[in-house]
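Participant: Attaching a single structure in structure tokens format; questions to follow.
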Amino acid sequence: MRTMKTNILAAAVVGLLTFAGTAHAGRGGSAARIQNAVATGSTDAIIAELERAERLICDACTPTVLDLIDHDKYELREVAAWWIARRPVLKAQLTERSTTDLAGSDSRLARNAADVLGTFRHPQAIPALAAAAARTDLSSEARMAAVRALGTIGHRNANTALVAAMGDGDATVRLAAATSWLQVRKQANAAPLVALVGDADGDVRAKAAAVIGELKDASGRAALEAALTGDANPVVRRNAAWALGRIGDAGSRAALTAATTDASSLVRQTAKAALAGL
Amino acid sequence: MKRINLGIALSAMTFGSVVACGGSDPGPLDGVDSVVFLQRPKRNDMGDIFQYTSYVPTGRLVKLSPPTADGELTEICCGSAGAEYQNMDISGYDLSFDAKEIVFSGRLASAQAFGLFIVNVESGDVRQLPTNPNRDYVNPVYLPGDKVFFQTNDLDETGAQQFRDEYERGTTLQMGTVNDDGTNLKLGPRNLSHRVFPTLLSDGRVMLTQWDHLGDMNAGHLMTVHPDMTTMREAFGKEGTGVTNSYLKAREVSPGRVIAIGTSRDRTIQAGAILDIRLGEPYAVDGAIHADRNMSEDTASYRLLTPSVPLGREPSSMTVGRYYDAYPLNARDYPDLLVSWADGPVESGTLGAAGPGNEANFGIYVYDSNRKTRRPLYDDPAMWDIFPRPLVARDAPPVIAPSGTHAYDQSTTLIGSMDVHRSTVANLQRGSVYGVRVVEGFSVEEGIPDDFGITEHEGAAVLGVAPVRADGSWLALMPANIPVHLQAIDVFGMTHTNANEPVWFSGAAGESRVCGGCHESRTDTVIIDPGLTEAVARGPSDLRATSSRDQRISGGTFTRDGTVGVPWDSALQNVFDAKCVSCHNGTPGPANPSWSISDPMTGATFSWTFDLRGGVATYGVGDEMFSGYSRSHLSLMGPDMMELEDAGLVIVGDIKIYVEPGNARDSELIKKLNPVQQFPAQNGAVRAFPVGQFPAHAAAVGQELTPDEYYLMILMADLGGQFYSRENAPGAAY
């Protein structure tokens, strides 16, 4: 076993030494290095080599990078789209293709398209992404990707679509909507998330409470107090306590005081700190 | 001392069994009852050295007692802490001064962020510090005074997003402190890029790794900062003192001396060689080597303790491997170290190619840096055994009193110099510096789709110019908690040669950051005339000090004092359209030189003719074209020459780069225009360069620019030649 393992590693070293070099961020890339990194299957290696070839004029790189747009890993789809974003002809072609895919019936292609358009981060993509996020014939993964892309773009024009996505039937989509809401620049309030504090999914409830807290939206106070005292999930209760501390309304004192004896240590310390800040 | 043969030990580990090795004599661990360390499931992809979100359940804190082969491994946290902790991963920790508690960064589940927790070493009781659940809090370090220093991607600016490095796209980590009871959480002034791996020094300061990224500068350096997050200073890695791209995971050996990992930015699993860094002049104290005399980057030096380990990203070889971290056990000239080391090619691509099960396997060793030998202590082949340190109490450093606050608006930061002419990097003749221009930096989080333009420079917003007084002093108030860099400018508004500071700095609200000069000698004492500097006597210039982010933007017109950003398409293009394009319109000829690039392999060719009109431009060969952003942008900034060379393309004709990013003074465009005086008052009769040598082109052809238009051109060049600014960010919400 040891011999085989050593041999594999040794062979890999020989294969890679040819392409190894001193680290110069943004310099020194090549098609061979990208292809070699893709062959290793290492996410870190692939990302590093695409970053190194950020501005490399490299026709030979293009097919390899385009293949990554369809990779199973989001990180690789993202870095491939980032690399293509620097190449306007390719970018325009991919934008057109992605917009078409987003409107098509193949959920995997729609997912990839959403990730591409999100990485390109142009607000012009918001209508297409919003439409995809609302389509029940697409998979939840594709809808989630569309909502995630809206957050990545971070423009307030996405708010309507994000609110709609908070009512999606799938928890991963609702969670992405809550997460994306916070990524919108100049986001002013968290009112649409108050209802999610009572969501059926614990991760969604926890995220909603945290977003309300970060945005200090006092309209969520009653829902947060109810969650703090009644939610079965300790992470939700913790986030509710933290959010109430951020909102800082003295009217939350009773709920926070009760939470200082919560069964979970996650909640107790947070409640104490929140009380100290009231 | 009984030593285990390293080869035998490695063989045992490779066969997959958990081993605890070593003899009955612990050597440099003599007197140490236990070693505490972190176990994380092995992984191969965790990002470059600045990334922090890697999550694989389940990590745990353990102790080995005694730290020998027959020692017992005991879990400290968090298997018995409750159901909510069962899938926790832990990324880093620190031991309290009395060795009774550990603060650590943990992530309970993939849907959650890293938070800060404190566990009692004896009882295992664990509590969480109440940090923002939306944001990651990592790299905790105990501070004297019952505080914890940490790093986080949280921010304290309503409506803004944390800086996001446009190059590697990571959301940056910044610094903060919190009381160990969870109260009084404060976030510090921000860098434009990451800050990682803090450690506490015996003088009470914190050392950390800062990613410096401004234009072509792109590396991780060691910095020091006071525990109140003020007084950030360079420590090692800049100014030619360094040996590799990045330095991280520093640990103090003795006053003025640290051990750190030196490595490439990526593909090295955040591991590398071990460096013994002396921040000042070394001297012996009872057999220990200290280096806290005359500490400066000028006097700093280093010693490579693991000479065979690559400093770059190439795969390490068998028996050489890479070190994840190191903890000094003494302060000998060649110290003994407690290290986390993995054998073989510790390089993500190599390990990825080897397939699942071949992730780097970090184990715990005692490293004799004099003999260059490792003695294995413990290795679980399924886990990374990292960050080992003796479980012993230590003296708390002195509490450094919080920096005093300035006397002005406490929401602002006061910056300045006592005598700007004192400089080790620029030749600033007395009287030649009109003022200091303060430039705010930002990144793509403000709605920039991909890059700011052809150049490597980040987003820029001019806060203003503080005049330099007769004694060389200047003083200004600027917004707190934003990264800025400085430019010493002349009366034409051009930055002096080598006086465009290549790093960002920031200050806290109420903080004073006044230097001796303009990157003055770090070993000299700045002496000024008795009494106040003239700048202090006159009071500081207000450089948009109380303006919010969305107010720090140019007005409708781009005047000398009203220009903040220089949006290429809406500021510069108007000038080109009105006064340049009648001649410079892409028609080949003397006014519009051409150049070509060709690919000798395919014969594909691309040609470009100088053109100051607007409209989309691309360049490249074959199917792959790069954005030139606009015809005028590509014509003036030129293609990326290094990448043309890297691609093996042949250049036909003379590609003249008319704008040198960050350097208006030496830019062909500016010389050609020969701009007029800007300060203290605009004066069209006074030119920057001898007219006989540099005829003022625009004036000569009857298309004279206004003084404001000249200043726009200078700003564009000195700021880096970006196409995008806040004013024309496609995704801006302003």
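The values are calculated or read from the model by the stated rules, or taken from the named source; none is laboratory data. Note that the structure is a prediction, hence the values are computed from the model and not measured. All Cβ positions, glycine included, derive from the backbone under ideal geometry; neighbour counts span all protein chains shown. Accessible surface is based on the protein model in full, side chains and every heavy atom, while ligands, DNA and RNA are left aside. Shrake-Rupley method; radii C 1.70, N 1.55, O 1.52, S 1.80 Å.
Participant: Mind checking the full-extension length gain between B:M642 and B:T587? Use 0.36 nm per residue of separation minus the Cα-Cα distance, one decimal, nm.
Facilitator: 17.1 nm
Participant: Residues with amide H under 5 Å of B:W384's amide H, sequence separation 5 or more or different chain, H placed in the peptide plane at 1.01 Å from N; which?
Facilitator: Amide H neighbours of B:W384, under 5 Å, 5+ apart: B:R40, B:K42.
Participant: Then there's this: Take peptides B:448-459, A:117-128, B:614-625 and line them up by average Cβ neighbours within 10 Å, highest first, as a rough protection proxy.
Facilitator: Per-residue mean Cβ counts within 10 Å order the peptides as B:448-459, A:117-128, B:614-625.
Participant: Could you compute how much accessible surface B:Y334 exposes when probed at 1.4 Å, giving the result in Å² to the nearest 10?
Facilitator: Around 80 Å² of this residue is reachable by solvent.
Participant: Provide, for q = 0.10 Å⁻¹, the log10 of I(q)/I(0) from a solvent-free Debye sum over equal Cα point scatterers in chain B.
Facilitator: -1.03
Participant: Still on this structure, please answer the following. From largest accessible area down, sort B:D154, B:D203, B:D395; use a 1.4 Å probe on the protein chains.
Facilitator: B:D395, B:D203, B:D154
Participant: Relative to the present Cα-Cα distance, how much length would full extension add between B:D395 and B:D33 at 0.36 nm per residue of separation?
Facilitator: 128.5 nm
Participant: Lysines near B:K372 by alpha-carbon distance under 22 Å, same-chain residues fewer than 8 away left out - which ones?
Facilitator: Result set, ordered by chain and number: B:K2, B:K249.
Participant: Averaged across orientations, what area in nm² does the convex hull of the alpha carbons in the stretch B:6-390 project?
Facilitator: Spelled out: convex hull of the Cα atoms, projected over all directions, averaged, 18.2 nm².
Participant: Could you tell me which of A:H122, A:Q35, A:G104 has its Cα farthest along the dipole of the stretch A:15-163 towards the positive end, charges placed at Cβ (Lys, Arg +1; Asp, Glu -1), taken about the Cα centre?
Facilitator: A:H122
Participant: Another one. Pop out the ³J(HN,Hα) list for the stretch B:662-671 in order, Karplus 6.51 cos²θ - 1.76 cosθ + 1.60 with θ = phi - 60°, rounded to Hz; leave Gly and Pro as x.
Facilitator: Coupling constants for the stretch B:662-671: x, 8, 4, 4, 9, 7, 4, 4, 5, 5 Hz.
Participant: Next up: Hey, can you grab everything whose amide H is under 5 Å from the amide H of B:R513? Only 5+ residues off in sequence or another chain; H modelled, so Pro and N-termini drop out.
Facilitator: B:L414, B:I415, B:G416
Participant: On a C-alpha basis, how far is the centre of the stretch A:245-278 from the centre of the stretch B:701-717 in Å? Whole number, if you could?
Facilitator: 60 Å
Participant: Looking at the square roots a ≥ b ≥ c of the eigenvalues of the Cα gyration tensor of the protein assembly as shown, which shape do they give, rounded for a/c under 1.5, prolate if a/b is larger than b/c, or oblate?
Facilitator: Rounded is the answer for the protein assembly as shown, as its axis ratio a/c remains below 1.5.
Participant: So what is the relative contact order for chain B, in percent, with contacts set as C-alpha pairs under 8 Å and at least six apart?
Facilitator: Over chain B, the number comes to 10 percent.
Participant: May I pose another question? Let me make sure I get this right: for the stretch B:95-158, a, b and c are the square roots of the gyration tensor eigenvalues over alpha carbons, sorted descending. Under 1.5 in a/c it's rounded, otherwise prolate if a/b > b/c, else oblate. Which is it?
Facilitator: Note, shape of the stretch B:95-158 comes out oblate.
Participant: Can you work out the Karplus-derived ³J(HN,Hα) for every residue in the stretch B:66-75? Use 6.51 cos²θ - 1.76 cosθ + 1.60 with θ = phi - 60°, whole Hz, and x for glycine or proline.
Facilitator: x, x, 9, 4, 8, x, 9, 8, 10, 7
Participant: Per-residue HN-Hα couplings for the stretch B:326-332, Karplus 6.51 cos²θ - 1.76 cosθ + 1.60 at θ = phi - 60°, whole Hz, x for Gly and Pro?
Facilitator: My calculation for the stretch B:326-332 gives 8, 10, x, 9, 7, 10, 4 Hz in order.
Participant: While we're here: Separation of the stretch A:202-219 and the stretch A:171-200 by C-alpha centroid, Å?
Facilitator: Each part reduced to its Cα centre gives a spacing of 7 Å.
Participant: What full-extension length gain, to one decimal in nm, is calculated for B:R430 and B:S54 as 0.36 nm per residue of separation minus the Cα-Cα distance?
Facilitator: 130.1 nm
Participant: Might you report the magnitude of the Cβ-based charge dipole of the protein assembly as shown about its Cα centre, with Lys and Arg at +1 and Asp and Glu at -1, to the nearest 20 debye?
Facilitator: Approximately 460 debye in magnitude.
Participant: Would you kindly calculate the mean projected area, averaged across all directions, of the convex hull enclosing the Cα atoms of the stretch B:569-726, in square nanometres?
Facilitator: Convex hull of Cα atoms, orientation-averaged projection: 10.1 nm².
Participant: Please give the charge dipole size of chain A, origin at the Cα centre, charges +1 on K and R Cβ atoms and -1 on D and E Cβ atoms. Round to the nearest 20 debye.
Facilitator: 740 debye
Participant: I've got another one for you. Please give, to one decimal in nm, the separation of the simple spin-label points placed at A:D72 and A:A191, each 7 Å out from Cα toward the Cβ.
Facilitator: For the pair A:D72/A:A191, the computed spacing is 4.4 nm.
Participant: Also, I was wondering about something else. On each of the three principal axes of the Cα atoms of the stretch A:24-83, give max minus min coordinate, whole Å, ordered largest first.
Facilitator: Ordered largest first, the stretch A:24-83 gives principal extents of 27, 20, 19 Å.
Participant: Quick check on the stretch B:105-200: take the gyration tensor over C-alpha atoms, sort the square-rooted eigenvalues as a ≥ b ≥ c, and tell me if it's rounded (a/c under 1.5), prolate or oblate.
Facilitator: It comes out prolate by the Cα gyration axes.
Participant: Okay, moving on. Using a 10 Å cut-off on Cβ to Cβ distances, tally the other chain neighbours for every residue of A:158-168 and report the average as a whole number.
Facilitator: 0
Participant: Taking a threshold of 20 Å on the Cα-Cα distance, which of the pairs A:K186/A:K216; B:K42/B:K100; A:K216/B:K186 fall above it?
Facilitator: Result: B:K42/B:K100 exceed 20 Å.
Participant: Any idea how far the Cα center of the stretch B:180-236 sits from the one of the stretch B:389-468, in Å?
Facilitator: Between the Cα centres of the stretch B:180-236 and the stretch B:389-468 lies a distance of 13 Å.
Participant: Related question: Rounded to the nearest 10 Å², what accessible area does B:D156 show when all protein chains are kept and the probe is 1.4 Å?
Facilitator: We get 130 Å² for B:D156.
Participant: On to the next question. Using amide H atoms built in the peptide plane, which far-off residues or other-chain residues are under 5 Å from B:Y137 H to H?
Facilitator: The list, which skips near neighbours in sequence, is B:F114, B:G115.
Participant: On a 0 to 90 degree scale, rounded to 10, what angle separates helix B:707-719 from the longest Cα axis of chain B?
Facilitator: That helix lies at roughly 20 degrees to the long axis.
Participant: Could you work out the relative contact order of the stretch B:6-390, using alpha carbon pairs under 8 angstrom and six or more residues apart, expressed as a whole percent?
Facilitator: Rounded, it is 14 percent for the stretch B:6-390.
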